[in-house]
Amino acid sequence: MSNGVEREQWGSKLGFIMAAAGSAVGLGNIWKFPYITGQNGGAAFVIMYVALVFVIGYAVMMAEIVIGRKAELNAVGSFAKLKGGPWVLVGWMGIAAGFIILSFYGVIGGWCIKYILASFTGLMAAGAAGTAGDLFGGFITNAPQVIIYQLIFMLVTIWIVYKGIGEGIEKYCKVLMPGLFILLLILIVRSVTLPGAGKGLAFYLKPDFSKLNGGVFLAALGQAFFSLSLGMGCMVTYGSYLPKETSIPGAAAQVCFLDTAVAFLAGLVIFPAVFAFGLEPGAGPGLTFITLPNVFAQMPGGAMWSALFFLLLLVAAITSSISLLEVVCAYFIDEMNWSRAKAAWVMGLVIFALGVPSAISLGGGLKIAGKDFLDAADFLASNILLPLGGLFIALFVGWVWTDGAKKEITNEGTIPFGLMGPWLWICRVVAPLAIAWIFLKGLKW
Ligand code: TRP
């Protein structure tokens, strides 16, 4: 179990918040949130999403962090230590989800690297000529290129995880994230002042509740878990490095808020532009990559803005991908006594290989039962494994390990937690029933 080395900890409370927010804020906010919103009808989806984040997401996030900080172990080891029995399976399911998510996450991370370079070689011309979609299509059908960029992205991820949380993860999370936030604000100004932007704002902000159905609920639930990095033990793992004095409810609230803010701002950039340029909001995984070049082409110094944007998006993606790899590695380090170097390199390269079918699927039409391979992997992980993981984590805190959780969230009774009643009630009843209901209504391939 323990290799006798004292467990590393975050350097400060801010260090944890930055790392957890770094995990949460990523491609999920800027690549995935807009296209899922676009596919699910706009504003009504956004409202559902925000409600799910702050009721269920926040509660599950606190549950995960509490479990991890108490056990001071990886996702599997934490459940084994606190209770054991079948609960260990929750941790296992999380590790599996981590493999699947990182496999396709690396592909999209690679797209960002490609787009940094393309900013200087034709992306602006394509944006100006309205052919950004063709450029994107040309890129994703070029399998070797997509795979090479995916590999570069994975190598960077592996290298940072191999360096360890103190020097590695925390350092990279503290820098550059505020830059992404500011850049989004600048892009919003450009986007909403485009002629025809109003229709996009209406799509994004004026709800049409007739568009809600089971599938939309499930998409919102899956997106909430994905974006907040919940349901697979990621926050368990990060919580295990959290000093005992830190207040968990406050830290979790800040992470939920920051994550939602970034996603919301990304939508404010994308949708006005989608409508202004006559693009299709339901275009799918390419939406952000097809829309933004049009926006940059309308800005003085567009190539520079474009490169800067995709660079910051890459950084955000890396602070997320390292958290995914860290979940997997923490297991092999804690439980198998692997060295950090071995865990990072072996597992990172295995996950890269698992991602190759996703890398070639969007361009080449590699499908599983009618869905592109990448979409299928995402659906299985985000819309099934993560909510299921969240359901069991909520039940664990709500019914099984409740006294322990109460002690840990109040730091052994030393700090008050005003939302104890609602939190436990959400874990016991609301979250499990809501997730079960959404599964019943929405689960179809
Ligand atoms: N939340 C990240 C994003 O939005 C992705 C991510 C990182 C993740 N760690 C996770 C998703 C753990 C699910 C579980 O880009």
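Listed residues Ile158, Ile108, Ile152; which is surrounded by fewer than 22 Cβ atoms within 10 Å (Cβ to Cβ) and within 21 Å of the chain's Cα centre (by Cα)?
Values: Ile158 fails: surrounded by fewer than 22 Cβ atoms within 10 Å (Cβ to Cβ); Ile108 fails: surrounded by fewer than 22 Cβ atoms within 10 Å (Cβ to Cβ).
None of the others qualify; the one that does is Ile152.
Filtering Ala71, Ala97 for residues that are away from the ligand (no atom under 16 Å from the Cβ) and either over 22 Å from Asn294 (Cβ atoms) or not β-branched (Val, Ile, Thr) (or both) leaves a single hit, Ala71.
Being closer than 24 Å to Ile160 by Cα and more than 16 Å from the ligand (Cβ to nearest atom): is that true of Leu14 here? Before you say what the answer is, go through the steps one by one.
Details: closer than 24 Å to Ile160 by Cα: yes; more than 16 Å from the ligand (Cβ to nearest atom): yes.
So Leu14 fits the description; yes.
Of the helices (runs of 4 or more DSSP H) lying entirely inside region 201-313, those containing at least 1 residues that are within 16 Å of the ligand (Cβ to nearest atom) and surrounded by fewer than 21 Cβ atoms within 10 Å (Cβ to Cβ) span 248-276.
Might you let me know whether region 189-209 holds any residue that is within 23 Å of the chain's Cα centre (by Cα) and at pLDDT below 95? Within region 189-209 (the criterion being within 23 Å of the chain's Cα centre (by Cα) and at pLDDT below 95), the answer is no, since none of the residues qualifies.
Taking the stated definitions as given, is Ala71 open to solvent by less than 20 Å² (accessible area, probe 1.4 Å) and either within 27 Å of Gln254 (Cβ to Cβ) or touching a residue at least 40 places away in the same chain (Cβ under 8 Å) (or both)? Lay out the reasoning, then the answer.
Numbers: open to solvent by less than 20 Å² (accessible area, probe 1.4 Å): yes; either within 27 Å of Gln254 (Cβ to Cβ) or touching a residue at least 40 places away in the same chain (Cβ under 8 Å) (or both): yes.
Criteria met by Ala71.
Checked against (1) under 30 Å from Val430 (Cβ atoms); (2) at pLDDT below 95; (3) surrounded by fewer than 24 Cβ atoms within 10 Å (Cβ to Cβ), Ala19 passes all but condition (3).
Residues of region 18-64 that are of a type in the set (A, V, I, L, M, F, W, C), part of a helix (DSSP H, G or I) and within 13 Å of the ligand (Cβ to nearest atom): Ala19, Ala20, Ala21, Ala24, Leu27, Ile30, Trp31, Phe33, Ile36, Val53, Val60, Met61. Residues of region 329-353 being open to solvent by less than 60 Å² (accessible area, probe 1.4 Å) and farther than 15 Å from Thr157 by Cα, which ones? Hits for region 329-353 are Tyr331, Phe332, Ile333, Asp334, Glu335, Trp338. The test for being farther than 18 Å from Tyr149 by Cβ, surrounded by fewer than 23 Cβ atoms within 10 Å (Cβ to Cβ) and among the aliphatic types (A, V, I, L, M) does not hold for Val356.
Within region 74-94, the set of residues being open to solvent by 10 Å² or more (accessible area, probe 1.4 Å), among the hydrophobic types (A, V, I, L, M, F, W, C) and more than 16 Å from the ligand (Cβ to nearest atom) comprises Ala80, Leu82, Trp87, Val88, Leu89.
Where helices (runs of 4 or more DSSP H) fall wholly inside region 330-443, the ranges with 1 or more residues that are more than 16 Å from the ligand (Cβ to nearest atom) and under 22 Å from the mean Cα position of the chain (by Cα) are 340-364, 373-378, 431-442.
The values are calculated or read from the model by the stated rules, or taken from the named source; none is laboratory data. Treat the numbers as computed from the prediction; the structure is a model and nothing was measured. All Cβ positions, glycine included, derive from the backbone under ideal geometry; neighbour counts span all protein chains shown. Keep in mind that these areas ignore ligands, DNA and RNA; they rest on the heavy atoms of the full protein, side chains included. Shrake-Rupley method; radii C 1.70, N 1.55, O 1.52, S 1.80 Å.
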